[in-house]
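> Provided herewith is a single structure, encoded as structure tokens, for subsequent inquiry.
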Amino acid sequence: MTTELDTLLTALYVHVDDRLKTPRWRGRPPRLTDAELVTLAVAQAILGFHCEARWLRFAHAHLRPLFPYLPQRPAYNKRLRAALPLVKRVIRSLAADTDLWLDDLWVVDSTPVECARSRETVRRSDLAGWANYGYCRSHSRFYWGLKLHLICTPAGLPVTWALADPKIDERQVLAALIDNEPHLAADRPGLLILADKGYISAELDRFLDQHGVGLLRPSYKNRGTPRPGEALLKTVRQLIESVNDTLKGQLGLEQHGGRTIEGVGVRVAQRILAMTCAIWHNRTIGAPITRSL
């Protein structure tokens, strides 16, 4: 591992161990602490290991100085799936610990999270009833899985996110994300959200207006004059495309390998945590903002 990555993982471990104390376990305490588990999961995502078996073989061979105890694959998989609430707390804690957290400009978009391809896999999957068929415009094909809805700042810092059935309207998911945590918008007077044409809706505009949130998205060419600032929207919209490219290209979101609701959820959160951790660390040490890890 490089010195930079070693420093990042050490800083992450200290942050989680100091600020996110978890209740004590009944009986014998685990040999791998929650802070070590989160740090190990982030290292796996950043180093690009999609297979847990290969990752743990690498960890046992190279990471012994950082982790005195490393579990075998069944124990690691079980602990990781159970750690989804903890991973979400770490994402929020790291994001809120940066000067980017109170940015009053958000960017929202959705991207497919494929979970299966063959019809037999779809039929037998534990995700049946949660995942569904959707259409991926960038690849011009249908897929079976979920859709990741991500709200982030222009710097790429995740604010909130959700996994949803790809047949659910994007506008409904955005409204649900705002309604689920209204304090996020309330803490940012004059909040403006940038979106694409998929979020055009008079009902959504009224909902966001009630929460004091503005929405800027492209107008249809045959419907009135463009909104103020719309000419700059295309350039800013490329920011979230680079965020999705980081999640899929560098952090392996498309090779998540999850086969259950908890498995997919924690593996998506693991990638988001790795990206959040990189931004948090860069801001802490004063390095330039970058979405490339």
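> What length, rounded to one decimal in nm, is gained on full extension from Leu20 through to Thr121, with 0.36 nm per residue of separation minus their alpha-carbon distance?
Going from the current span to full extension adds 32.5 nm.
> Ignoring ligands, DNA and RNA, please state the percent of accessible area on the chain from carbon and sulfur, probe 1.4 Å.
52 percent
> Here's another thing I want to ask about it. Would you work out the charge dipole size for the chain about its Cα centre, treating the Cβ of every Lys and Arg as +1 and the Cβ of every Asp and Glu as -1, and quote it to the nearest 20 debye? Display every interim value, and only then the final one.
Working: 40 positive and 30 negative charges, 230 e Å.
Dipole about the Cα centre, nearest 20: 1100 debye.
> Grab the eigenvalues of the alpha-carbon gyration tensor for segment 1-97, scale each by 5, take roots, and send me the semi-axes largest first in whole angstrom.
In descending order the semi-axes read 20, 18, 13 Å.
> Using only DSSP helix segments of four residues or longer, with each worth -39500 (n - 2.57), what per-residue ellipticity at 222 nm results for the chain after dividing by its residue count and rounding to 500? Before the final figure, lay out each step's value.
Numbers: 11 runs with 133 residues, N = 293.
Computed mean residue ellipticity for the chain: -14000 deg cm²/dmol.
> May I pose another question? Return the percentage of antiparallel bridges among DSSP beta bridges fully within segment 102-257, rounded to the nearest 5 %.
75 percent
> A further question on this structure: What nm distance separates the two modelled labels at Arg73 and Ala176, each placed 7 Å from Cα along Cα→Cβ?
Between Arg73 and Ala176, the label points sit 3.3 nm apart.
> Sequence gap of 8 or more, or different chains, plus Cα separation below 22 Å: how many lysine pairs satisfy both in segment 102-257?
For segment 102-257, the number of qualifying lysine pairs is 9.
> Counting only DSSP beta bridges with both residues in the chain, what percent are antiparallel, rounded to the nearest 5? Kindly include the intermediate steps, with their values, before the conclusion.
On the way: 20 of 27 bridges.
Approximately 75 percent, going by the DSSP bridge assignments.
> Let me know the charge dipole size of segment 102-257 about its Cα centre in debye, to the nearest 20, where only the beta-carbon of Lys, Arg (+1) and Asp, Glu (-1) is charged.
Numbers: 19 positive and 20 negative charges, 148 e Å.
With Lys and Arg at +1 and Asp and Glu at -1, about 720 debye.
> In whole Hz, what ³J(HN,Hα) sequence does segment 185-194 give by Karplus (6.51, -1.76, 1.60; θ = phi - 60°), x for Gly and Pro?
6, 5, 6, 10, x, x, 4, 10, 10, 9
> Now a separate question. Based on the Cβ-Cβ distance from Leu47 to Asp99, what FRET efficiency comes out when R0 is 30 Å, to the nearest 0.05?
Once rounded, the FRET efficiency stands at 0.60.
> Could I ask something else about it? So how do 202-215, 252-265 stack up, highest first, on mean other-Cβ count within 10 Å? Write out the running numbers ahead of the final one.
Details: 202-215: 14.6, 252-265: 17.6.
Listed from highest to lowest mean packing, they are 252-265, 202-215.
> What label, among [x] 15.6; [y] 17.1; [z] 28.2, belongs to mean projected area of the Cα convex hull in nm² computed from the structure on display?
[y]
> For a protection proxy built on the mean count of beta-carbon atoms within 10 angstrom, sort 173-183, 102-112 highest first, please. Can you show the working numbers first?
Values: 173-183: 15.5, 102-112: 19.7.
The packing order, highest mean first, is 102-112, 173-183.
The values are calculated or read from the model by the stated rules, or taken from the named source; none is laboratory data. Everything numeric in this text was worked out from a predicted model, so none of it was measured. Cβ coordinates were reconstructed from backbone atoms using ideal geometry, including for glycine residues, and neighbour counts include every protein chain displayed. We work out accessible area using only protein heavy atoms, side chains counted, and drop any ligands, DNA or RNA first. Shrake-Rupley method; radii C 1.70, N 1.55, O 1.52, S 1.80 Å.
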